[in-house]
Amino acid sequence: MRMKIRVISQQPPGGRCKLYADYADTLARQLGAETETVYSETRAAHGNGFPSLWLDGVAVQPEDGLILMPSDIAAALAGMTIPQDQVQNLEAALHAPLERMMAQAREQT
């Protein structure tokens, strides 16, 4: 059974919404997962509003309460049936979207 990844985003997507969509694209490529983006007007980060990233029906929660980091997603994946070495590879791959977002933020300041 393929993993289902859902991103809840505002329209148009902003910083974290874009980041979470990039995370979803990375995971989909690596895992062959099914992705969907749902646009919402409700601010409810890491829940039923934007910005949120869901893996198989469960919203991933950031350790710092603010922004999902690759380690947060890896921790969520580790609780699933994904082998640990694959989780480590996915965590490494998720750093690329984060670095792109941080570089863009630096360019804007």
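Some notes on this structure:
- Tally, over segment 78-97, of residues that are over 23 Å from ALA45 (Cα atoms), outside any helix (DSSP H, G or I) and either in contact with a Lys or Arg (Cβ under 9 Å, 6 or more places away or on another chain) or free of Cβ contacts under 8 Å to residues at least 40 places away in the same chain (or both): 2
- Count - residues of segment 1-43 that are among the polar types (S, T, N, Q) and touching a Pro at 6+ places or on another chain (Cβ under 8 Å): 3
- Listed by position, the strands (runs of 3 or more DSSP E) inside segment 1-77 whose residues that are out of contact with any Lys or Arg (no Cβ under 9 Å at 6 or more places or on another chain) and among the charged types (D, E, K, R) number at least 2 are 4-9.
- Listed conditions (1) touching a residue at least 24 places away in the same chain (Cβ under 8 Å); (2) surrounded by 14 or more Cβ atoms within 10 Å (Cβ to Cβ) are all met by ARG100, apart from (2).
- Here the condition is being at pLDDT 95 or above, more than 17 Å from PRO97 (Cβ to Cβ) and not charged (D, E, K, R); of ALA59, ALA45, it holds for ALA59 alone.
- Residue check for ALA105: surrounded by fewer than 17 Cβ atoms within 10 Å (Cβ to Cβ), farther than 15 Å from MET3 by Cβ and touching a residue at least 40 places away in the same chain (Cβ under 8 Å): yes
- Annotation: of all residues in segment 48-77 being β-branched (Val, Ile, Thr) and surrounded by 14 or more Cβ atoms within 10 Å (Cβ to Cβ), the one that is nearest to GLN11 (Cα to Cα) is ILE67.
Condition check ((1) among the small types (Gly, Ala, Ser); (2) in contact with a His (Cβ under 9 Å, 6 or more places away or on another chain); (3) closer than 24 Å to PRO83 by Cβ) across all residues:
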site: GLN11; (1), (2), (3): no, no, no
site: GLY14; (1), (2), (3): yes, no, no
site: LEU27; (1), (2), (3): no, no, yes
site: LEU31; (1), (2), (3): no, no, yes
site: SER40; (1), (2), (3): yes, no, no
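- Of all residues in segment 11-20, those satisfying the criterion of being surrounded by 17 or more Cβ atoms within 10 Å (Cβ to Cβ) and either of a type in the set (D, E, K, R) or more than 12 Å from the chain's Cα centre (by Cα) (or both) are PRO13, ARG16, LYS18.
- In segment 21-43, the residues that are in contact (Cβ under 8 Å) with a residue 40 or more places away in the chain and open to solvent by less than 30 Å² (accessible area, probe 1.4 Å) form Cβ pairs under 8 Å with partners that are of a type in the set (Val, Ile, Thr) and assigned to a helix (DSSP H, G or I), at six or more places apart or across chains, as follows: TYR23/ILE73; LEU27/ILE73.
- Evaluating GLY79 against the criteria (1) modelled with pLDDT under 95; (2) within 17 Å of THR26 (Cα to Cα) leaves one unmet condition, (2).
The values are calculated or read from the model by the stated rules, or taken from the named source; none is laboratory data. Just so it is clear, the model here is predicted, and its values are computed rather than measured. Quick reminder, even Gly has a Cβ in these numbers, built from the backbone with ideal geometry, and neighbours come from all protein chains shown. With ligands, DNA and RNA removed, areas are computed over all heavy atoms of the protein, side chains included. Shrake-Rupley method; radii C 1.70, N 1.55, O 1.52, S 1.80 Å.
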